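Chemist: This is the structure I want to talk about, given as structure tokens.
What follows is calculated from the coordinates using simple rules that are stated; it is not laboratory data. The structure presented is a predicted model; accordingly, all values stated were derived computationally and were not measured. Reconstructed Cβ throughout: ideal geometry from the backbone, glycine too, with neighbour counts over all protein chains shown.
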Amino acid sequence: MNESQLKDKFLSYLKTNPNNSFFGKTVEKPQHFLEIKNEALNRRFDFILAIIRTSGYKPKEIRKNSIEIDDDLKNIHTRGTLLKNISQTHKIKIQNMTIFPIEIKSNQDKLDERLGNQIIDAIMSFGRSVIILDSKHCQNMKKNGLKRILPSTIIGYQESDDKFVLINKFSRVISDSLLNINKIGLIRALEKSNSNVNISSLQRNLRSLQTINQKLIYNQIFLDQQSFHEDELRFVEELSTINQKINIKKEILKSIKHLTNYKITDFIE
């Protein structure tokens, strides 16, 4: 099969097997599947799949302090413009929709260094990555153990019984921050500086800054026009008043000077 044939076969399989465990938690069975056709997205990914669930958070539930915002809800904030356009075009409630960028590798394709870049593009764009492999790649992936180290959900086609199987499930979604900044890490980074820093405020502001960075990166990738929300605009205005430069050259020279006593000949036998 070529990529187009493998994609059609996968979409057909989803329609006849709606209670699969490929996407989401096992208790949250996907209800409907929809291929999203978008010129900007289709230039970067083999295809975009929307999972539409019949149940989802209602606005009054989200307002409750007891409700923790999950990663898919956070994506409404981070990838808002795209999700709103899809929601309006297909008449879908935005909170019931999850977008999956999918890469397809048929038996005619090679698995090479491009796959790593494609995974990074998917994570930067949508916070997650899904790969569909044809039968030959499916068998190899099961044998070589590579599935354990790729940050992707991997689905493979088995020619022997003509079905798709889950090879690897990567559940983490990078929704609002590229890294999980925890308080312990901040405390350790600051413990020798004798600085009077409010760790909780610092952690919150760093996460907000990463959210804004991710939105700007997303705009740059897709030439999107996603603007700042009211709270983000206030944060950026406050941030712009800080007139403190980080002198990278100074820190580099300081490290070099500190280690000048080491001789290159010490490492030559």
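Chemist: Please compute the length gained on full extension between S195 and S227, using 0.36 nm multiplied by the number of residues separating them and subtracting their Cα-Cα distance. Mind showing how you got there, number by number?
Modeler: Details: separation 32, 0.36 × 32 = 11.52 nm, distance 3.48 nm.
Gain in length upon complete extension: 8.0 nm.
Chemist: Run the simple label-point estimate for I184 and K169 please: 7 Å along Cα→C-beta, distance reported in nm.
Modeler: 2.7
Chemist: Given the pairs K110/K142; K15/K91; K9/K91; K183/K215, which span a C-alpha to C-alpha distance of over 18 angstrom in this model?
Modeler: Check vs 18 Å cut-off fails for K15/K91; K9/K91; K183/K215.
Chemist: Between N2 and R207, what FRET efficiency follows from the Cβ-Cβ distance if R0 is 45 Å, with the result rounded to 0.05?
Modeler: It comes to 0.55.
Chemist: Under 5 Å between amide H atoms, partner at least 5 residues away or on a different chain: which partners does F47 have, H built in plane at 1.01 Å?
Modeler: Result for F47 returns I102.
Chemist: A further question on this structure: Taking the beta-carbon count within 10 Å as an exposure proxy, list I184, I167, I212 from fewest neighbours to most.
Modeler: I184, I212, I167
Chemist: Could you tell me the calculated FRET efficiency between I149 and D121, based on Cβ-Cβ distance and R0 = 22 angstrom, to the nearest 0.05? Walk me through the numbers on the way to the answer.
Modeler: On the way: r = 18 Å, r/R0 = 0.83.
Working from the Cβ atoms, E equals 0.75.
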